[in-house]
1. So which residues in the stretch 75-91 are outside any strand (DSSP E or B) and closer than 19 Å to Arg24 by Cα, if there are any at all?
2. Could you count how many residues in the stretch 27-74 are charged (D, E, K, R) and either in contact with a Pro (Cβ under 6 Å, 6 or more places away or on another chain) or within 14 Å of Arg86 (Cβ to Cβ) (or both)?
3. For the subset of the stretch 26-56 comprising residues that are in a strand (DSSP E or B) and of a type in the set (Asp, Glu), which member is surrounded by the fewest Cβ atoms within 10 Å (Cβ to Cβ)?
4. Condition test on Arg23, is it surrounded by 10 or more Cβ atoms within 10 Å (Cβ to Cβ), part of a loop (DSSP other than H, G, I, E, B) and at pLDDT below 85?
5. How about the stretch 57-74: which of its residues are assigned to a strand (DSSP E or B), modelled with pLDDT under 90 and surrounded by 14 or more Cβ atoms within 10 Å (Cβ to Cβ)?
6. Out of everything in the stretch 80-91 that is of a type outside the set (A, V, I, L, M, F, W, C) and loosely packed, with under 11 Cβ neighbours inside 10 Å, what residue ends up being modelled with the lowest pLDDT?
Amino acid sequence: MRTKPAQTEIPAAKNSVPMSGLRRSTRVILDVPLVIRGEAEDKHSFQEETFTVKVSAHGGLVVLQNRVALGQKVVLMNPKRSARARGREIN
């Protein structure tokens, strides 16, 4: 006789993060040199050598001297591999 396995309910932990606050992928600390090109908040074009602080499959954290606006698009370039990607400020 076949039966369905019992579903176990997992109680919510105190101070748990709501499902809407979970990340889509794990962040890792990784220092990757980058060149970022874009337009600063003051509308002047910039190109800046920088590096990543944390990365994930869906994004990353970089250090910039120039200020960029939320939703602003930038171009990320890896100087060691001649690779380019487009990015957008989301936080």
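1. From the stretch 75-91, those outside any strand (DSSP E or B) are 79-82, 89-91; that's our starting set.
Answer for the stretch 75-91, where residues must be outside any strand (DSSP E or B) and closer than 19 Å to Arg24 by Cα: Glu89, Ile90, Asn91.
2. Within the stretch 27-74, the first condition is being charged (D, E, K, R), and the residues that meet it are 27, 31, 37, 39, 41-43, 48-49, 54, 67, 73.
Then keep just the ones that are either in contact with a Pro (Cβ under 6 Å, 6 or more places away or on another chain) or within 14 Å of Arg86 (Cβ to Cβ) (or both); that gives 37, 39, 73.
Residues flagged as charged (D, E, K, R) and either in contact with a Pro (Cβ under 6 Å, 6 or more places away or on another chain) or within 14 Å of Arg86 (Cβ to Cβ) (or both) within the stretch 27-74 amount to 3.
3. Glu49
4. Numbers: surrounded by 10 or more Cβ atoms within 10 Å (Cβ to Cβ): yes; part of a loop (DSSP other than H, G, I, E, B): yes; at pLDDT below 85: yes.
Yes, satisfied.
5. Within the stretch 57-74, the first condition is being assigned to a strand (DSSP E or B), and the residues that meet it are 59-62, 73-74.
Retained after the next criterion (residues that are modelled with pLDDT under 90): 59-60, 73.
Matches in the stretch 57-74: Gly59, Gly60.
6. First, the residues of the stretch 80-91 that are of a type outside the set (A, V, I, L, M, F, W, C): 80-82, 84, 86-89, 91.
Within this subset, residues satisfying the condition of being loosely packed, with under 11 Cβ neighbours inside 10 Å are 80-82, 86, 91.
Values: Lys80: 83, Arg81: 80, Ser82: 72, Arg86: 75, Asn91: 63.
It comes out as Asn91.
The values are calculated or read from the model by the stated rules, or taken from the named source; none is laboratory data. The structure presented is a predicted model; accordingly, all values stated were derived computationally and were not measured. A quick note on method: Cβ atoms are made from the backbone with ideal geometry, for glycine too, and the neighbour counts reach across all protein chains shown.
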